[in-house]
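Worksheet for the structure shown next.
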Amino acid sequence: MAFPQHRPRRLRSEARFRDLVRETVLLPRHLILPLFVEEGLEKPEPISAMPGHSRWPASEVFQPAEAAFAKGVTTFLLFGVPAKKDAVGSASKDPDGVIPVALKSLRKHLPTAVLITDVCLCGYTSHGHCGVIGDQGAILNDETLQYLVEMALCHARAGADIVAPSDMMDGRVGAIRAALDLEGMLHTPILSYAAKFASAFYGPFREAAHSAPTFGDRRTYQMDSGNAREALIEMQLDFDEGADMLMVKPAGPYLDIIRLARDTFPCPIAAYQVSGEFSMIKAAGANGWIDETAAMMESLLGIRRAGADLIITYFAAEAAEILRQKA
């Protein structure tokens, strides 16, 4: 049998060759660690569905951040759980609330870290939805915008480096951008959850953030999982309204959307490897069904290969430690 002149296996024959020609590289700086902060806690409270993760008191959330920072993770995404919730999420704009207190603590202990805050009402409302509710139970888009604006301003004033609206209300990026600029915060970037799909993979997060809706679901504002062209429309709208970075969420089931985003938009693209993706790998690894470490690293590399510049992942600290050891 006549073999071709080109034998791809030549460059796979040794680890040093494989490292030399690897097309996609994963580094600790590509990883963002989500952190949950709950008002009123006296000590960390483990999240049963997310092994290794906890809800933290605002004054102590620097502890997991410092541990991750030492491994090379320099960026953190904060989610707040207030002590009191109401129909409009009033605690979301409290300057002495859980996220402002956490920001100040983190800034004191990690002055060079990049601190991103999630801007959404779901963790702050008594009904668990991401917007204000009308008389007929509908989620009101335009009426919600001002609450999101006030939340984003509250976070930016408290020291957030980047604000990340995740609510999927139409027009929220433009409203937040205008408000930040009016306050002189022209250099505060917006990371938009631009293509956020209604997904079955969010389950463990609902426990972590106490944010499950008390009625209905979120399909009237989060995207249908079958729609790729609509995802491009959503991302284009947010980009045109002033989003500095665009996010696809979840990551693993939507690698094609990440690739569409990367090929279409010139800005940085982020992807969120969500709680369900994390917990599935953890559970399968704990049962001996897969090699947990190998699956973790392969999943993250796949998200990078699809086109993500940044990956929000609960594996951030673990993956960064492995990458640091290999460096």
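When DSSP assigns beta bridges and you keep just the ones with both residues in the chain, what percent turn out antiparallel, to the nearest 5?
Here the antiparallel bridges make up roughly 10 percent for the chain.
Take every Cα pair under 8 Å in segment 27-326 that's 6+ residues apart, average their separations, divide by the length, and report that relative contact order as a whole percent.
Reported as a whole number, the value is 20 percent.
Around Glu45, with a cut-off of 9 angstrom between Cβ atoms, what is the net charge of the other residues, counting Lys and Arg +1 and Asp and Glu -1? Before the final figure, lay out each step's value.
Numbers: positive: Lys43, Arg55; negative: Glu38.
Summing Lys/Arg as +1 and Asp/Glu as -1 gives +1.
Compute the acute angle (0 to 90°) between the alpha-carbon long axis of helix 275-286 and the principal axis of greatest extent of the alpha-carbon atoms of the chain; round to the nearest 10°.
50
Over 24 Å between Cα atoms: which of Lys43/Lys196; Lys43/Lys85; Lys71/Lys196; Lys43/Lys108; Lys84/Lys108 fall into that group?
Details: Lys43/Lys196 32 Å; Lys43/Lys85 21 Å; Lys71/Lys196 29 Å; Lys43/Lys108 20 Å; Lys84/Lys108 26 Å.
Over 24 Å apart, Cα to Cα: Lys43/Lys196; Lys71/Lys196; Lys84/Lys108.
Rounded to whole Hz and in sequence order, give me ³J(HN,Hα) for segment 179-193 from the Karplus expression 6.51 cos²θ - 1.76 cosθ + 1.60, θ = phi - 60°, writing x for Gly and Pro.
Whole-Hz 3J(HN,Hα) from phi for segment 179-193: 5, 4, 5, 4, 8, x, 9, 5, 9, 8, x, 10, 9, 8, 6.
Can you give the charge dipole size of the chain about its Cα centre, rounded to the nearest 20 debye, using +1 on the beta carbon of Lys and Arg and -1 on the beta carbon of Asp and Glu? Spell out each step's value before the answer.
Details: 33 positive and 40 negative charges, 315 e Å.
Computed about the Cα centre, the dipole is about 1520 debye.
Ranking Val173, Val98 by Cβ neighbours within 10 Å, fewest first, what do you get? Walk me through the intermediate numbers first.
On the way: Val173 24, Val98 27.
The order, fewest Cβ neighbours first, is Val173, Val98.
Using packing as a proxy for protection, rank 179-185, 104-110, 214-220 so that the peptide with the highest average count of other Cβ atoms within 10 Å comes first.
104-110, 179-185, 214-220
Normalised by the number of residues in segment 120-231, what is the relative contact order in percent for Cα pairs under 8 Å and 6+ residues apart? Can you show the working numbers first?
Values: 137 pairs, mean separation 32.0, N = 112.
Value for segment 120-231: 29 percent.
For Lys104, go through the aspartates and glutamates and keep the ones whose alpha-carbon is under 18 Å away, minus same-chain ones fewer than eight residues off.
Excluding near neighbours in sequence, the set is Glu38, Glu39, Glu42, Glu60, Glu66, Asp94, Asp96, Asp118, Asp161.
If we sort 8-18, 142-152 on the protection proxy, mean other Cβ atoms within 10 Å, highest first, what's the order?
Descending packing order for the listed peptides: 142-152, 8-18.
Tell me the net charge near Met223. Cut-off is 14 Å between Cβ atoms, Met223 excluded, with +1 for each Lys or Arg and -1 for each Asp or Glu.
Within the 14 Å Cβ shell, the charges total -3.
Considering all alpha-carbon pairs of the chain, what whole percent are spaced by more than 33 angstrom?
Every Cα pair in the chain considered, those over 33 Å come to 24 percent.
Answer with one residue from Gly203, Leu180, Met169: the one whose Cα lies farthest towards the positive end of the charge dipole of segment 165-255, charges on Cβ with Lys, Arg +1 and Asp, Glu -1.
Working it through, the farthest residue towards the positive pole turns out to be Gly203.
Taking the Cα atoms of segment 40-140, report the difference between the largest and smallest coordinate on each principal axis, in whole Å and largest first.
Dimensions of segment 40-140 along the principal axes of its Cα atoms: 50, 29, 24 Å.
Using only Cα atoms, what Kirkwood radius does segment 252-294 have, in angstroms? Show your work: numbers first, answer last.
Details: mean 1/r = 0.0823 Å⁻¹.
Kirkwood hydrodynamic radius for segment 252-294: 12.1 Å.
Whole angstrom only: what separates the Cα centroid of segment 114-161 from the Cα centroid of segment 168-202?
Using only Cα atoms, the two centres lie 10 Å from each other.
Just so you know, all these numbers are worked out from the coordinates, no wet-lab data involved. Computed from a prediction, not measured in an experiment: that's the story for all the values here. Quick reminder, even Gly has a Cβ in these numbers, built from the backbone with ideal geometry, and neighbours come from all protein chains shown.
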